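Here, each number is a calculation from the coordinates, and none is a lab measurement. Just so we're clear, the structure is a prediction, and the values are computed from it rather than from any experiment.
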Amino acid sequence: MPIRKWIAQYTIALPIIFVLLAGVQYLKGRSLEYSIEFGIMWALISVTIFAIRRFYNYRKSINCQVCNDLPSNNQDSDDK
């Protein structure tokens with residue numbers, strides 16, 4: 001299982017999603033405190049849902065062109 005790869009990806013994705021969501025709320029005129037709470041909550045929810053679905057796809061051997069986690073798919077991508 002590519003756990004290390006996933007952890008690295010989510011470590012990068014979480015702050016990016018947080019900044020994006022919190023920034024949008026702040027630009028909409030919400031308070032800074034609300035924007036930070038909103039960003040943290042929805043970034044965690046989004047990353048959690050994506051991680052659970054990705055783990056499910058990996059366990060069921062469902063091909064994902066974006067994720068490219070299955071070993072047989074990694075070999076195919078080298079040929080392209």
Study note, to complete from the structure: Per the rule of 0.36 nm per residue minus the C-alpha distance, extending MET41 to ILE3 adds in nm 11.4 nm
Exercise for review: List every residue whose amide H lies under 5 Å from the amide H of CYS64, counting only residues 5 or more places away in sequence or on a different chain, with H placed 1.01 Å from N in the peptide plane.
Suggested key: ASP69, LEU70
